[in-house]
Amino acid sequence: MNISKQVAIVSGSNRGLGKQLALELLARGAKVYAGARNPASIDLPGAIPLQLDITDSKSIMAAAEVAGDATLLINNAGTATGASLFAGELEDIHVEFNTNVFGTISMVRAFAPVIEKNGGGSILNILSALSWFNTGDSGAYSAAKSAQWGVTNALRLELAPKNIKVAGLHVAFMDTDLTAGIEAPKASPKEIAKIAIDGIETGLYEIIADDTSRNLQQGL
């Protein structure tokens with residue numbers, strides 16, 4: 001895939017990895033729709049701010065109409081409540097699945113027809129090393145990311161006949177707001193964004209961004 005010829009939509013692009021993904025796409029010549037719940041929070045010169053809440057079907061459909069020329073969808077928006085599956089609030093567990101799983105499905109259902117109409121393209125879902133491993137706490141996040149990985153694998157098969165490639169990015173801790181309270185080695189979102197876009201450009205279907213994810217994959 002020639003990134004310079006693509007029209008991308010990136011969810012959750014007002015900060016963290018999403019912002020770096022949008023910047024990397026812009027640097028490579030892509031047209032970028034930068035999605036966020038509050039488009040006023042987007043500071044990306046050259047990008048087109050787009051109101052987008054991936055848990056709101058009306059917001060998603062409105063975004064799909066605006067970004068009707070999209071050929072590349074990056075499902076980056078996500079959440080981590082830290083909830084335990086057993087002891088955590090059920091409402092928090094619903095938030096995890098509604099965002100990470102059903103939000104991803106809803107975005108793909110809205111944008112895959114757009115991408116197909118435009119001649120095909122790619123979808124990248126931002127997953128996690130915790131798609132493959134559970135630490136015993138924050139079980140809702142690990143379970144939701146495991147489900148999102150399964151969703152990614154299923155959609156890859158369903159969308160292949162429509163000339164749409166579906167890939168997943170697996171990465172451990174990054175230096176973002178999501179991991180602000182975690183004491184552990186963290187990767188640079190800027191570097192992970194480069195790895196992710198390189199993977200899309202070369203047609204990888206599973207992009208392994210760091211040694212932690214690579215070791216976990218090999219140990220499966």
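The values are calculated or read from the model by the stated rules, or taken from the named source; none is laboratory data. Note that the structure is predicted; figures quoted are calculated from it, not measured. All Cβ positions, even for glycine, are placed from backbone atoms using ideal geometry, and neighbour counts span all protein chains on display. Surface areas here come from the heavy atoms of the whole protein model, side chains and all, with no ligands, DNA or RNA. Shrake-Rupley method; radii C 1.70, N 1.55, O 1.52, S 1.80 Å.
Okay, here's what the table says:
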item	result
Sole exception among (1) at pLDDT below 95; (2) surrounded by fewer than 16 Cβ atoms within 10 Å (Cβ to Cβ) for Gly88, by number	(2)
Unique match (being farther than 30 Å from Ser142 by Cβ and among the small types (Gly, Ala, Ser)) among Ser4, Ser84, Ser11, Ser59	Ser4
Close pairs from region 27-50: first at positive phi, partner open to solvent by 20 Å² or more (accessible area, probe 1.4 Å), Cβ under 8 Å, at least 6 apart	Gly29/Ser4; Gly29/Lys5; Gly46/Leu26
Residue tally, condition in contact with a helix residue (DSSP H, G or I) (Cβ under 7 Å, 6 or more places away or on another chain) and of a type in the set (Ser, Thr, Tyr), over region 34-73	3
Residue identified as touching a residue at least 24 places away in the same chain (Cβ under 8 Å) and small (Gly, Ala, Ser) among Ala154, Ala172	Ala172
Members of region 112-122 that are in contact with a helix residue (DSSP H, G or I) (Cβ under 6 Å, 6 or more places away or on another chain) and either surrounded by 23 or more Cβ atoms within 10 Å (Cβ to Cβ) or closer than 21 Å to Ile195 by Cα (or both)	Gly121, Ser122
Scan of region 91-111 for residues that are closer than 15 Å to Ile60 by Cβ, out of contact with any helix residue (DSSP H, G or I) (no Cβ under 7 Å at 6 or more places or on another chain) and open to solvent by 30 Å² or more (accessible area, probe 1.4 Å), ordered by number	Asn98, Phe102, Arg109
Among the candidates Ile74, Ile9, Ile60, residue that is among the β-branched types (Val, Ile, Thr), part of a helix (DSSP H, G or I) and under 17 Å from Ala110 (Cα atoms)	Ile60
Some residue of region 30-37 being modelled with pLDDT under 95 and within 24 Å of Phe173 (Cα to Cα)	yes
Single residue of region 51-67 satisfying the filter (open to solvent by 20 Å² or more (accessible area, probe 1.4 Å) and of a type in the set (Gly, Ala, Ser)) that is nearest to Ser128 (Cα to Cα)	Ser57
